[in-house]
Amino acid sequence: MVRDETSRLRRYGRRLAWVGVAAVAIVALATAGYRTALNRLGPLDLAAVGDGSPVVLDRAGKLLRPFTTADGRWKLPVAAAEIDPLFFRLLKTYEDRRFDRHGGVDVLAMARASLQAIRSGRVVSGGSTLTMQVARLLEPRDERTVPAKARQVLRAWQLEESASKQRILDYYVVLAPYGGNIEGLRAASIAYFGKEPRRLSLAEAALLVALPQSPEARRPDRFAETARKARNRVIDIAVARGTVSASDGESAKGEPVPHQRKAFPMLAPHAAEAAVRARPGERVHRLSIDARLQASLEPIARERVEALGAKVAAAILVVDNATGEVRAHVGGSEYLSAQRAGGVDLMQAVRSPGSALKPFIYGLAFDAGIAHPETQLEDRPSRFATYAPENFDMTFQGTVTARKALQQSLNVPAVELLAEVGPSTFITRLRSAGADIVLPKDAVASLAAALGGLGIRPVDMAKLYAGLARGGMTQPLTWRLGEGARPERERRLLDAVSSWYLADTLRGTPPPTNALSNRISFKTGTSYGYRDAWAAGFDRRTTIVVWVGRPDGAPVPGLTGRSAAAPILFDAFSRLGGENEVIPAPRNVLMAATTQLPPPLQRLRKDAPKTLAAAAPSLKIAFPPDGARIDLGFAAGRERSDLVLKANGGQLPLIWMVNGRPVSQGELRRQSTWQPDGAGFARVSVMDAAGSVDSVTVRVE
């Protein structure tokens, strides 16, 4: 047995000796036929360096979201200058001490490795330089033959001729394998340490040096102890060669090795997806988004909707008024939540605006000389053919100024003004300003537009409100850095004076509970059936639009712009930092009380006949909508809520019935409540004094 073992070691030693001699011979032969061999090999293929993950960066270059390559690898672009210099000091100490001096092949290292192998009977150290490793990564080959090694040597020399030492290190940090689908040092640093490699601890840098030698066997998320030993060996060699001090080495060896991979960043995921989709051939996408602001707003959208139901979501858009650049884009509450349809970019979804577009009706009236903020309007029961608008609280305020009517979002004055301006003019002006207004199929512009009888995307809502801050001029919103503020792309929405009247009026809108007043100009909106809650606000610098609701369009009992969206709006403005800037008044602003206005502006002239196209039947159940699923807490075991019953039109008093049984009689208001006994389907009906009836079927949950 001893004789057989001795014989085996001798044979192994002879093979190692042959390998050493062959290595030296490779260098000699490659040198002799260098040019001829290079001509046969052809130029280096550097495609692997540029073939990596698309990455989306914020305006300052911070990573918002990376994507995998087509074959599922994480391979992020990075240059040596973006990596902590400590990593390269350790790398050269451990892998290639003469990297800065040799020409691609370290003959001394190859000879040393061969002699060590002969003496010990095993491979003690490798002779490959970093340049040779890059050559192997550029042309991966499984065979370990003399011709393959000669090819690697030739490629290393070719690299040294065509690229600087810095560029060779750039190639290395992009191509080095780090286990699993992680390639390149930047992806490894984020995956294992959760941070960019600009600042690395000694322990972190040593682990990143050790992993590429045996990436699968040393993966810290699978073989943490093996990874720790490999890391400590790098540290020991660095201490022995004087690269780091002994005390720093001991301290670094005491740091734990990460046991699992961390998630890659996923800020502004909807905007990032859209950017990559729009330009699939680009590898680096630079957006105008501010990562700090984005990171502060995403939790707000997530936390604020938790009390509103498992399927409710929120979206937030922040726009720089001067440039039209989007500074934050929260497309939904939870990107990975199926319940909240997190993958849907709700900023691009067409929704009903409720009262959120009312300011633009007033603005057109100001533009046309029909009204002024102090013009008196009538908030009294009115009928336009069969359309009889009512206020949200079912009351009327009597004679009010246009300023007060807009601040309190009264419905009758808004419809009265729209009748004067003309629904078609209103829709046309919004569209000409760049907003994509969607009317119901086969419908024409009608007075219902004043109260949300149309569709608009939140991004277009933001464009319109930013136009008010810009003196009535809108411009396209941009998500890519440097593409905003093009004068030739501006469109006229309103006159500068009319825009300022609106900004000044909306700054006096009563704020939500616990919020400071007179800080921003804002307006809320609640769509028919409690499906959409809006809040749009602006100051001189910034416009923010908030939408809250269910992505599937189902109603949410009690959901209003003031209670659900406005608090998010004010919270978002507080995250901007700095004081809110008031928009300065332009020239020709008329500051006067009602009695000081020219007589035609003191009261609305009411030139338009009240016979415009009707948009609603005489009696209609406004809530709950037909076919709705209403979450009142039965399934979740929460405290059960009453179901709000609300009707439009009809002659008072009203009688409400559920499944044929009266639940409310003689109601002199168009709103009532019903407390169900349990979950299930219910037939809700209402009858007015004239005998008109409307019914809906809903499911209570």
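FRET efficiency for the ALA592 to LYS195 pair, using the beta carbon distance and R₀ = 51 Å, is estimated at 0.30. Judged by the gyration tensor of its Cα atoms, with axes a ≥ b ≥ c, the stretch 464-507 is prolate; a/c meets the 1.5 cut and a/b is the larger of a/b and b/c. Helical content alone sets the calculated 222 nm signal of the chain at -10500 deg cm²/dmol, taking -39,500 (n - 2.57) per DSSP H segment of four or more residues and averaging over every residue.
Can you tally the net charge around GLU303? Count Lys and Arg as +1, Asp and Glu as -1, for every other residue whose Cβ sits under 14 Å from the Cβ of GLU303.
That sum, taken over residues with Cβ under 14 Å, equals 0.
The tail of the calculated P(r) for the stretch 178-265 beyond 17 Å holds 43 percent of all Cα-Cα pairs.
All Cα-Cα distances of the chain, cut into 10 Å bins from zero to the largest, leave 3, 13, 18, 17, 13, 10, 9, 8, 5, 3, 1, 0, 0 percent in each bin in turn. The ranking of ASP71, ASP539, ASP51, ASP495 by Cβ neighbour count inside 10 Å, starting from the fewest, reads ASP71, ASP51, ASP495, ASP539.
Quick note: the coordinates plus some simple rules give every number you see, no bench work behind them. Everything numeric here is computed off the predicted structure, so don't read it as measured data. Backbone-built Cβ (ideal geometry, glycine too); neighbour counts: all protein chains shown.
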